[in-house]
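Below: one structure, written as structure tokens.
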Amino acid sequence: MITKRIIPCLDVKNGRVVKGVNFRGLNDVSSPVELGKIYSDSGADELVFYDITASSEGRRLFTDILTEVARTIFIPLTVGGGINTLDDFDRVLKCGADKVSVNSGAIRDPNLILEAAKRYGDQCVVLSADVKRVDGVFRVFAKGGRENTGMEAIAWIKKGVELGAGEVVLNSIDTDGVKRGFDLEMLEAVCNAVSVPVIASGGAGGIQDFVTLFKTLPRVDAGLAASIFHFGEVTIPALKAALKENDIPVREV
Amino acid sequence: MIAIVDYGVGNLFSLKSSLAAVGAEAVVTGDADTLRKADRILLPGVGAFGDAAEKLRATGLDTVVIEQARLGKPLMGICLGMQLLFDKSLEYGEHAGLGLIPGEVRPIAEVIPAGLKIPHIGWNALRFTEKKSPLFRLIREGDCVYFVHSFYAAKCEADVIANAEYGALLTAAVQRDNVCGCQFHPEKSGRVGLNILRAFCESVP
């Protein structure tokens with residue numbers, strides 16, 4: 001049986017992890033390499049690195065860091081942030097990324113998904129969607145959730161999968177940061193619409209939220225979170241033990 | 001020295017890094033003489049079988065790999081590289097493989113129940129068969145490894161050393177004398193994967 005994946009997400013700016021990292025006993029709490037290694041050693045099934053840099057200097061640092069991460073960590077690595085062209089795919093794949101996640105770049109040019117899937121395979125292209133309810137309708141937001149595109153989310157995600165996206169990360173803006181659980185209603189709508197793996201993001205506040213996620217929606221393949229892992233509120237071994245106790249298949253390390 | 005066959009398919013960065021992590025000296029090469037001089041050969045691969053088989057043939061390295069395997073040199077195929085070891089594949093038409101292990105590559109969809117997602121992607125447990133392999137001497141039954149594939153090796157029961165359960169038993173690893181293969185990605189399978197690579201690197205030629 002395929003196991004449910006637990007995926008920590010690291011935001012990287014100018015070569016450092018930003019946004020709430022609070023690990024005790026770690027000399028350099030903002031080193032993506034050190035943090036990645038800690039997560040990998042403690043049983044993370046995959047790592048996501050988001051490049052939130054705007055400058056080209058920062059971008060160069062990001063690829064250097066990515067190379068270093070890929071040299072030391074041997075689990076799947078997904079890279080997102082600033083992916084607008086096939087050259088961007090090429091740049092991060094050469095540094096050892098396994099999958100590339102597209103968001104605003106694909107909204108601007110949906111053909112990016114098609115072209116990337118043709119060149120690197122569907123399994124390499126992850127469609128990341130930031131979705132928020134507006135007057136009761138799921139809408140896709142671009143630019144880190146700041147701009148309402150007006151597109152209906154389920155139709156957009158279906159289109160992305162038809163174009164060749166091999167996985168979908170659904171980030172609910174409505175539950176993100178609230179820490180009261182994943183957006184089960186939104187996730188169910190996406191699971192009903194596509195047959196590729198769906199990764200839940202936004203809203204995890206504790207272990208029970210992951211148990212509820214996988215119990216309620218067995219078709220969800222993975223849970224992604226950032227701050228609860230970074231702040232040590234949830235450790236991956238404790239999370240996996242709880243999932244196992246609830247008969248949810250997980251990989252043990 | 002371990003030669004990673006470079007025939008223009010896929011990204012070999014992680015594979016090379018993982019071999020470095022187990023202390024093996026590896027070179028990525030498309031040179032026939034380097035393959036002949038190597039102690040062991042790794043045949044990687046991603047993408048479609050037909051394209052990959054054609055590229056391998058176009059470089060002429062197919063005959064070198066076959067020749068070296070027949071001479072008894074340890075050879076490991078990874079993912080599509082494992083599938084290439086078989087007689088043929090039915091992925092988008094019918095394509096000939098290297099014919100080093102009897103069997104054929106067929107769509108997963110033929111054997112798994114409808115409703116299960118394809119590709120088979122993620123971490124799944126290895127179920128060893130009765131055929132014991134030194135490849136697994138550093139890992140345990142039930143250890144998880146990382147898979148990404150839509151086709152699987154069939155009609156090769158005699159050489160299967162591990163399966164993965166995904167609605168059906170799918171071939172996860174094979175071994176026939178000095179030739180072995182993993183459907184999963186050892187270079188992306190954490191400590192377990194590194195231990196499989198380590199076992200391969202330390203195997204007696």
Residue count for segment A:83-115, restricted to those that are among the hydrophobic types (A, V, I, L, M, F, W, C), away from every other protein chain (no Cβ under 11 Å) and over 18 Å from the mean Cα position of the chain (by Cα): 3
Evaluate the following for residue A:52: is it surrounded by fewer than 21 Cβ atoms within 10 Å (Cβ to Cβ), touching a residue at least 12 places away in the same chain (Cβ under 8 Å), out of contact with any Pro (no Cβ under 6 Å at 6 or more places or on another chain) and more than 14 Å from chain B (Cβ to nearest Cβ)? yes
Can you pull out the residues in segment B:155-205 that are surrounded by fewer than 21 Cβ atoms within 10 Å (Cβ to Cβ), among the basic types (Lys, Arg) and closer than 15 Å to residue B:143 by Cα? B:191
Residue among B:59, B:63 that is surrounded by fewer than 19 Cβ atoms within 10 Å (Cβ to Cβ), more than 24 Å from residue B:121 (Cβ to Cβ), free of Cβ contacts under 8 Å to residues at least 40 places away in the same chain and among the polar types (S, T, N, Q): B:63
Just checking, which of A:126, A:69, A:79 is buried (at least 18 other Cβ atoms within 10 Å of the Cβ), within 14 Å of chain B (Cβ to nearest Cβ), in contact (Cβ under 8 Å) with a residue 12 or more places away in the chain and outside any strand (DSSP E or B)? A:69
Out of everything in segment B:119-168 that is within 8 Å of another protein chain (Cβ to nearest Cβ) and assigned to a loop (DSSP other than H, G, I, E, B), what residue ends up being modelled with the highest pLDDT? B:166
Got a number for residues in segment A:93-118 being in contact with a Leu (Cβ under 8 Å, 6 or more places away or on another chain), not in a loop (DSSP other than H, G, I, E, B) and not aliphatic (A, V, I, L, M)? 5
Unique match (being closer than 20 Å to residue B:25 by Cβ, in contact (Cβ under 8 Å) with a residue 24 or more places away in the chain and under 16 Å from the mean Cα position of the chain (by Cα)) among B:42, B:35: B:42
Taking into account only those residues within segment B:87-118 that are more than 21 Å from residue B:178 (Cα to Cα), in contact with a Gly (Cβ under 7 Å, 6 or more places away or on another chain) and away from chain A (no Cβ under 14 Å), which is surrounded by the fewest Cβ atoms within 10 Å (Cβ to Cβ)? B:93
Only one of B:82, B:1, B:76 is touching an Asp or Glu at 6+ places or on another chain (Cβ under 7 Å) and closer than 24 Å to residue B:138 by Cβ. Can you tell me which? B:1
Could you go through segment B:17-40 and let me know if any residue there is buried (at least 22 other Cβ atoms within 10 Å of the Cβ), of a type in the set (Val, Ile, Thr) and at negative phi. no
Are any residues in segment A:185-194 surrounded by fewer than 19 Cβ atoms within 10 Å (Cβ to Cβ) and either over 25 Å from residue B:147 (Cβ atoms) or free of Cβ contacts under 8 Å to residues at least 12 places away in the same chain (or both), and if so, which ones? A:185, A:188, A:189, A:192
Residues being without any contact (Cβ under 8 Å) to a residue 60 or more places away in the chain, aromatic (Phe, Trp, Tyr) and either under 17 Å from residue B:4 (Cβ atoms) or out of contact with any Lys or Arg (no Cβ under 8 Å at 6 or more places or on another chain) (or both): count how many of those fall in segment B:150-205. 1
Conditions first: (1) hydroxyl-bearing (Ser, Thr, Tyr); (2) within 30 Å of residue A:114 (Cβ to Cβ); (3) in contact with a Lys or Arg (Cβ under 8 Å, 6 or more places away or on another chain). Residue A:201 passes all but one, so which condition is the exception? (3)
Would you tally the residues in segment B:161-182 being under 17 Å from residue B:131 (Cα atoms) and in contact with a helix residue (DSSP H, G or I) (Cβ under 8 Å, 6 or more places away or on another chain)? 12
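The values are calculated or read from the model by the stated rules, or taken from the named source; none is laboratory data. No experiment lies behind these values; they were computed from the predicted model shown. Glycine gets a Cβ as well: all are built from the backbone with ideal geometry, and neighbour counts include every protein chain shown.
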